[in-house]
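The values are calculated or read from the model by the stated rules, or taken from the named source; none is laboratory data. Small disclaimer: the values here were computed from a predicted structure and weren't measured. So basically every Cβ, Gly included, is an ideal-geometry build from the backbone, and we count neighbours across all protein chains shown.
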Amino acid sequence: MSINKEQDFGTPASTATANVTLEIDGFKVTAPVGTSIMRAAASIGIDIPKLCATDSIEPFGSCRLCLVQIEGGRGMPASCTTPVAEGLKVTTQNPRLAEVRRGVMELYISDHPLDCLTCSANGDCELQDMSGAVGLREVRYHPVATHLNAVKDESNPYFSFDPSKCIVCSRCVRACEETQGTFALTIDGRGFDSKVAPSQNQPFMDSECVSCGACVQACPTATLMEKSVIDNGQPEHAIITTCAYCGVGCSFRAEMKGEQVIRMVPNKDGKANHGHSCVKGRFAFGYATHKDRITKPMIRASIKDAWKEVSWEEAINHAAAELKRIQTQYGKDAIGGITSSRCTNEETYLVQKLIRAGFGNNNVDTCARVCHSPTGYGLKQTFGESSGTQDFDSVMEADVIMVIGANPTDGHPVFGSQMKKRLRQGAKLIVVDPREIDLVKKSPHVKADHHLKLRPSTNVALINALGHVIVTEKLTDEAFVSARCDVASFNKWKTFIADPRHAPEATEAVTGVPAADIRAAARLYASANNGAIYYGLGVTEHSQGSTMVIGIANLAMATGNLGRIGVGVNPLRGQNNVQGSCDMGSFPHEFPGYRHVSDPETHQLFENAWQAPLSMEPGLRIPNMFEAALDSSFMGLYVEGEDIAQSDPDIKHVHAALRAMECVIVQDIFLNETAKFAHVFLPGSSFLEKDGTFTNAERRISPVRKVMRPLAGYQDWEVTQMLSNAMGYAMNYSHPSEIMAEIAGLTPSFAGVSYEKIDALGSVQWPCNDEALEGTPIMHTQEFMRDNGKGLFMLTDYVATHERITPMFPLILTTGRILSQYNVGAQTRRTANNAWHQEDRLEIHPHDAEDRGVNNDDWVGIKSRAGETVLRALITDRVQPGVVYTTFHFPESGANVITTDNSDWATNCPEYKVTAVQVTKVSQSSQWQQDYEAFSGQQLELLEQGLNG
Amino acid sequence: MKTERLIKMANDISDFFNAEPDKEIAAEGVKSHIMRAWEPRMRKAIIAYCQESGDGLSDLAKAAVAKITG
């Protein structure tokens, strides 16, 4: 293995299709129109010296090192800013160019510390490389003024800024603007005083910097350097793998020193991220080796007992014996399991296979239950497939972008940056959200054309109003509908949606959005050449989550915004493998590939393949499992990689259900909240310790590769296999590639997927089969995936949620996430990301705060019909009057103590986004928080006792 | 399974299909959804409850459960 540095072509690739041919140093080269001479030269192995150019950002032409001569041309143009042209004859090396380059380098080096041997960039410094390339042998200048004593900024926990080493090439500034879109950096001052400055000459941590790492990546010297490299030295080999955070699924180079990750560098060839990253994927990987990792299996008889470390064999045999005992005592259907979107495809496939074939029932569910299960349902009904329709790059062709209930710059930051790039190019933006997300007006050079600031829970009324305007103002794409959709269903929908009760003027009282705004937004979306909808959990986590997904699908079909680049319906998946865990058959009613368990043909296929009798009845969903536990008909649970005791709603109910079970088996890397209720703990492996694949929000199957040995000795799929064998159902895989081969053999949309293909292509988007050998970036281009190939319109009446505001609970609480933390926080809370977000806060509008005498930072009690918790207040007009908002990254916050058991009608996805609450100023934590602190402390003591023997 | 919970679930499903003007089609939709998504012990419980009194269930939910029992 080696570090295998990625080639830097100096400038971005041209997207032109026409080519020109020129001659560089006597060699013929053909390149697309618009390509720089620098890039064309690099493509045939001629490296022109450069410092201010890198292929992730547009050329700048400032360093004057990449000068060339062109036959018949004047002077020495910069090759980075000079495009290729037919017949050019370019010289990149001759004595005159060499002399100029040496002169330029001499000036740079005259104001640069000559500490190469002890510099953190030694071995990976472009300035050092260029000195060598131009043959610099002496520096004749002895400047009276230098920047050598400039003070370092160490404020960012992950990287250092040493201005004494800065050559003011502006690569960092341009990366922050072009790649990330934050514009946190600038060049302050003029001439000799010019310097890179975060914000208004502030430390990085006090600036708008979001710590995405783009500037560090772009820096050609040690000016911006990862602290992990400063501490440990340069990595010696790199392995391509996929981030385990959000649903963007960024490709990374894990740059290693032995088995130690030195840094995670976004992979330039990654098709989901194109070399970009966010603070989580780029820097927050330290949790994988955190001291809280549990690496020995443990068992105990009761949750009041101390844990006892045991061998793998004893733990597995004990777990299997308990599960079998429960089945004997309570019945075959009294046990089940939960897979996780944080696990690989192969792992989730194996867990559901164990449950269906080994447990003999379909009691398997996944955490997608509580996030995007309505997406699966709604899009399957209307389009015939439970997935988004586009790839991420499609957004670069969108003319109007509608973002509904999503916060891409926080939740899906790398895609958020791509979307911002398109918006800066001029695409129009409609934001549908109760809260003012950054895209509305806080992102530089981005401003929403319409912010439909609706009341939480009124999504369906709003989507119907948009549909009403489109139909009644005759903005539908009749040609698309008649060719591609079920026309009878369209006509029925048209009649339904044209009813005056759906008119914006009628829904205004419900949604709180002025009718004129809705009409304008509807016209904008419907009249776009390419209109694209992106949505998130603000759509799904409602009692009408599935209805809203269907409403979105209706709107896209009615306007012909499907089946080509630049359009589509795009669910932004929360966790890294939400799409994959659903694809792999993690839902209780579906086999892999979204085929119902009662379908005779599919049932037979899996019975034959798995050599086991399989149930044709749907199993229990997660909330049903809790209900069944409380009536003693569900007593054993195997949970892999999921933390239901923190993430699920009405948490007191969940805890009661977990306490009622006789055997809870948790497989995780930490003693998470669920493990505090467990009887068997099987240590899991982080994404760095195993092989497998993740499938991101654009259906892209990407490789996860082991970069270090599993700390506990086994990869997660091996643990599931051991449990299955102990249960008496034989599994004998020797590598996850064999599991993927089995998946491909049983799932038509995966038929062409293999590890060989993923390795060859880097990633592949399903459907991948004989009809689409290299995968499918855009779906439904010819026909929809339904049996008759036609898109189905469905009726979507608005039904008010059960959760009503009353004088006792006058505010609506809605929840969301923040950039620096991830989901339940088990990973990011164990990293320096806490520097940005140390606690969950309650956002409250100034009017509501004033009514209650609440000041910023005050402790406030938040009481709902389900429970009460206490958080500190953050007064902001980002939320509207009557609405409060919080994140849920810290267990002690108890955000889910107050959420209710209301859920989506079709999928039981919890209504996290709507809880009626009252907020009052308090002086102490809630009773639940005090009880939690006592229980959690007791559980950690029981763990300590176990670890100490 | 708490009966109240099942009643709420059945009514919520019915609320969606209630948009369908043809109530026979709507009831078939509710029935199909319950058949495809509910675990047998849940179906058994709602059938038993419906046969016992059905109080609190919407008319559409009752019609759908009646279709399940045939």
Only one of A:384, A:378, A:336 that is at pLDDT 95 or above and surrounded by fewer than 23 Cβ atoms within 10 Å (Cβ to Cβ): A:384
Checking the structure you have, find out if any residue of segment A:864-874 is in contact with a His (Cβ under 7 Å, 6 or more places away or on another chain) and within 21 Å of residue A:434 (Cα to Cα). no
Residue A:911 fails exactly one of (1) more than 14 Å from every other protein chain (Cβ to nearest Cβ); (2) in contact with a Ser or Thr (Cβ under 8 Å, 6 or more places away or on another chain); (3) buried (at least 20 other Cβ atoms within 10 Å of the Cβ); (4) touching a residue at least 40 places away in the same chain (Cβ under 8 Å), namely (1)
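Do we find that residue A:256 is assigned to a strand (DSSP E or B), buried (at least 24 other Cβ atoms within 10 Å of the Cβ) and not polar (S, T, N, Q) in this structure? Walk me through how you get there before you give the answer.
Working: assigned to a strand (DSSP E or B): yes; buried (at least 24 other Cβ atoms within 10 Å of the Cβ): no; not polar (S, T, N, Q): yes.
Considered against the rule, which asks whether it is assigned to a strand (DSSP E or B), buried (at least 24 other Cβ atoms within 10 Å of the Cβ) and not polar (S, T, N, Q), residue A:256 comes out as no.
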Kindly state which helices (runs of 4 or more DSSP H) lie completely within segment A:609-666 and contain at least 1 residues that are within 11 Å of chain B (Cβ to nearest Cβ). A:622-630, A:651-660
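Step by step: first the residues of segment A:584-608, then only those that are assigned to a helix (DSSP H, G or I) and touching a Phe, Trp or Tyr at 6+ places or on another chain (Cβ under 6 Å), then the one that is farthest from the other protein chains (Cβ to nearest Cβ). Which residue is that? Step through it out loud before you land on a result.
Taking segment A:584-608 as the starting set, the residues that turn out to be assigned to a helix (DSSP H, G or I) are A:600-608.
Cutting the leftovers down to touching a Phe, Trp or Tyr at 6+ places or on another chain (Cβ under 6 Å) gives us A:602, A:606.
Numbers: A:602: 13, A:606: 17 Å.
If we take residues in segment A:584-608 being assigned to a helix (DSSP H, G or I) and touching a Phe, Trp or Tyr at 6+ places or on another chain (Cβ under 6 Å), then A:606 is farthest from the other protein chains (Cβ to nearest Cβ).
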If only one of A:87, A:103, A:26 is surrounded by fewer than 21 Cβ atoms within 10 Å (Cβ to Cβ), at pLDDT 95 or above, in contact with a strand residue (DSSP E or B) (Cβ under 8 Å, 6 or more places away or on another chain) and farther than 30 Å from residue A:255 by Cα, which one is it? A:87
What pairs come up if the first residue lies in segment A:341-369 and is within 14 Å of chain B (Cβ to nearest Cβ), the second is part of a helix (DSSP H, G or I) and among the aliphatic types (A, V, I, L, M), and their beta carbons are under 6 Å apart, counting only those six or more places apart or on different chains? A:364/A:355; A:365/A:622; A:369/A:622
Taking residue A:738 as meeting all but one of (1) modelled with pLDDT of 95 or more; (2) closer than 19 Å to residue A:563 by Cβ, write down the number of the exception. (2)
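Answer yes or no: is there a residue in segment A:455-462 that is over 17 Å from residue A:913 (Cα atoms), crowded, with 20+ Cβ neighbours inside 10 Å and not charged (D, E, K, R).
Within segment A:455-462, not a single residue is over 17 Å from residue A:913 (Cα atoms), crowded, with 20+ Cβ neighbours inside 10 Å and not charged (D, E, K, R).
If I go through segment A:885-898 residue by residue, how many of them are part of a helix (DSSP H, G or I) and either of a type in the set (Gly, Ala, Ser) or within 11 Å of chain B (Cβ to nearest Cβ) (or both)? Lay out the reasoning, then the answer.
Narrowing segment A:885-898 to residues part of a helix (DSSP H, G or I): A:891-893, A:895-898.
Next, from what is left, pick out any that are either of a type in the set (Gly, Ala, Ser) or within 11 Å of chain B (Cβ to nearest Cβ) (or both): A:893, A:895.
Count: 2.
Please find, within segment B:1-46, the residue that is nearest to residue A:495 (Cα to Cα) out of those that are among the acidic types (Asp, Glu), more than 9 Å from chain A (Cβ to nearest Cβ) and in a helix (DSSP H, G or I). Walk me through how you get there before you give the answer.
If we filter segment B:1-46 for residues that are among the acidic types (Asp, Glu), which is where we start, we get B:4, B:12, B:15, B:20, B:22, B:24, B:28, B:39.
Those left that are additionally more than 9 Å from chain A (Cβ to nearest Cβ): B:4, B:22, B:24, B:28.
With in a helix (DSSP H, G or I) added as a condition, the list becomes B:4, B:24, B:28.
On the way: B:4: 35, B:24: 19, B:28: 22 Å.
The selected residue is B:24.
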Mind telling me which of the residues A:418, A:381 ends up being among the polar types (S, T, N, Q), part of a helix (DSSP H, G or I) and more than 17 Å from the chain's Cα centre (by Cα)? A:381
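Residues checked against (1) at pLDDT 95 or above; (2) closer than 23 Å to residue A:166 by Cα; (3) among the hydroxyl-bearing types (Ser, Thr, Tyr):
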| position | (1), (2), (3) |
| --- | --- |
| A:5 | no, yes, no |
| A:30 | yes, no, yes |
| A:33 | yes, no, no |
| A:38 | yes, no, no |
| A:41 | yes, no, no |
| A:50 | yes, yes, no |
| A:57 | yes, yes, no |
Looking at A:107, A:88, A:117, A:97 in this structure, which one is under 24 Å from residue A:3 (Cβ atoms) and in the same structural domain as residue A:33 (by TED's automatic domain parsing)? A:117
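Okay, residues lined up against (1) at pLDDT 95 or above; (2) surrounded by fewer than 22 Cβ atoms within 10 Å (Cβ to Cβ); (3) more than 14 Å from every other protein chain (Cβ to nearest Cβ); (4) assigned to a loop (DSSP other than H, G, I, E, B):
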residue: A:812; (1), (2), (3), (4): yes, no, yes, no
residue: A:818; (1), (2), (3), (4): no, yes, yes, yes
residue: A:857; (1), (2), (3), (4): yes, yes, yes, yes
residue: A:862; (1), (2), (3), (4): yes, no, yes, no
residue: A:900; (1), (2), (3), (4): no, no, no, yes
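Find the residue count for segment A:210-227, including only residues that are within 12 Å of residue A:163 (Cα to Cα) and small (Gly, Ala, Ser).
Kept after step one, since they are within 12 Å of residue A:163 (Cα to Cα), are these residues of segment A:210-227: A:219, A:221-225.
Then drop every residue that is not small (Gly, Ala, Ser), which leaves A:222.
Count: 1.
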Conditions (1) surrounded by 16 or more Cβ atoms within 10 Å (Cβ to Cβ); (2) under 26 Å from the mean Cα position of the chain (by Cα); (3) of a type outside the set (Val, Ile, Thr): number failed by residue A:297: (2)
For segment A:174-208, enumerate the residues that are out of contact with any helix residue (DSSP H, G or I) (no Cβ under 8 Å at 6 or more places or on another chain), surrounded by 18 or more Cβ atoms within 10 Å (Cβ to Cβ) and under 22 Å from residue A:423 (Cα atoms). A:177
Do we find a residue being surrounded by 21 or more Cβ atoms within 10 Å (Cβ to Cβ) and under 25 Å from residue A:579 (Cβ atoms) anywhere in segment A:797-806? no
Could you please let me know if residue A:575 is buried (at least 20 other Cβ atoms within 10 Å of the Cβ) and more than 14 Å from every other protein chain (Cβ to nearest Cβ)? yes
Going residue by residue through segment A:681-692, is there one that turns out to be within 14 Å of another protein chain (Cβ to nearest Cβ) and either within 27 Å of residue A:385 (Cα to Cα) or crowded, with 24+ Cβ neighbours inside 10 Å (or both)? no
One residue is enough: does segment A:60-75 have a residue meeting the conditions over 21 Å from residue A:219 (Cβ atoms), at pLDDT 95 or above and buried (at least 21 other Cβ atoms within 10 Å of the Cβ)? yes
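Can you find, within segment A:797-808, the residue that is nearest to the other protein chains (Cβ to nearest Cβ) among those that are more than 23 Å from residue B:7 (Cβ to Cβ) and in contact (Cβ under 8 Å) with a residue 24 or more places away in the chain? First the steps, then the outcome.
Of the residues in segment A:797-808, the ones more than 23 Å from residue B:7 (Cβ to Cβ) are A:805, A:807-808.
Now drop any that are not in contact (Cβ under 8 Å) with a residue 24 or more places away in the chain, which leaves A:805, A:808.
Values: A:805: 19, A:808: 21 Å.
The selected residue is A:805.
Could you pull out the residue among A:546, A:581 that is within 12 Å of another protein chain (Cβ to nearest Cβ) and either free of Cβ contacts under 8 Å to residues at least 24 places away in the same chain or not in a strand (DSSP E or B) (or both)?
On the way: A:581 fails: within 12 Å of another protein chain (Cβ to nearest Cβ).
Step by step, each of A:546, A:581 is checked, and only A:546 is within 12 Å of another protein chain (Cβ to nearest Cβ) and either free of Cβ contacts under 8 Å to residues at least 24 places away in the same chain or not in a strand (DSSP E or B) (or both).
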Segment A:730-750, residues that are surrounded by fewer than 20 Cβ atoms within 10 Å (Cβ to Cβ) and either in contact (Cβ under 8 Å) with a residue 24 or more places away in the chain or outside any helix (DSSP H, G or I) (or both): A:730, A:732, A:733, A:734, A:735, A:737, A:742, A:745, A:748
For the list (1) within 11 Å of chain A (Cβ to nearest Cβ); (2) under 27 Å from residue A:796 (Cβ atoms), I need the number of the one condition that residue B:63 fails. (1)
